[in-house]
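The structure under discussion appears below in the form of C-alpha cells.
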Amino acid sequence: QLGYRFNSRFAMGIGGTFRKTFTDSTTNFAPEVWGYKGFVSYDIIKSFFAYGEYARNSPGMSTQEGTSTRIWKSVGLIGVGRRFSVHKN
C-alpha cells in the first residue's frame with residue numbers, strides 16, 4: 001500500500017494484492033489472485049478511526065467460445081478501529 005496523509009486526521013491511498021498457491025491442498029481458493037485497491041482512513045476522536053476500502057480482485061480467466069476474458073470481483077470493506085501502543089517507543 002502507498003498512501004498520503006493530507007492532514008493529521010485524514011489519509012488516502014492505493015494498494016495491490018497478489019496471492020500465489022504453491023500446493024493443491026486447498027481446493028477452495030484460486031491458485032493465483034491479483035488485484036488493486038483504494039483506501040481512506042479518518043481519525044475520529046483520540047485513538048479511534050474509520051476505515052474504508054474498495055478493491056477489484058481477479059481470481060483467473062474465463063474462456064467461452066475460444067475467447068478468454070479476465071474475471072473481476074469487487075470487494076468493499078468499511079469499519080471502525082482503535083490504535084494502541086504495543087511499546088512506549
- Note on the structure: Note on the chain: contact order normalised by length, alpha-carbon pairs under 8 Å, 6 or more apart, percent, works out to 22
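Percent of accessible area on the chain owned by carbon and sulfur, 1.4 Å probe?
About 59 percent, which is the carbon plus sulfur part of the accessible surface.
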- Task: With a point put 7 Å past each Cα toward its Cβ, work out how far residue 45 is from residue 8 in nm, to one decimal.
- Result: 1.7
- Message: Can you match Rg and Dmax of the Cα atoms in Å to one of these, (i) 15.9, 49; (ii) 12.9, 40; (iii) 17.9, 61, based on a calculation from the structure here?
- Response: (iii)
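Rolling a 1.4 Å sphere over the protein heavy atoms, what is the accessible area per residue of the chain, to the nearest Å²? Please report the intermediate quantities before stating the final value.
Working: 7290 Å² over 89 residues.
Per residue, the chain has 82 Å² of solvent-accessible surface.
When the chain is fully extended, how far beyond the present Cα-Cα distance does residue 22 get from residue 73, taking 0.36 nm per residue of separation?
Numbers: separation 51, 0.36 × 51 = 18.36 nm, distance 2.24 nm.
Fully extending the segment from residue 22 to residue 73 adds 16.1 nm.
The values are calculated or read from the model by the stated rules, or taken from the named source; none is laboratory data. As the structure is a prediction and not an experimental result, all values here were calculated from the model. Ideal geometry is used to build each Cβ from the backbone, glycine not excepted, and the neighbour counts take in all protein chains shown. The accessibility values were calculated without ligands, DNA or RNA, using every heavy atom of the protein model including side chains. Shrake-Rupley method; radii C 1.70, N 1.55, O 1.52, S 1.80 Å.
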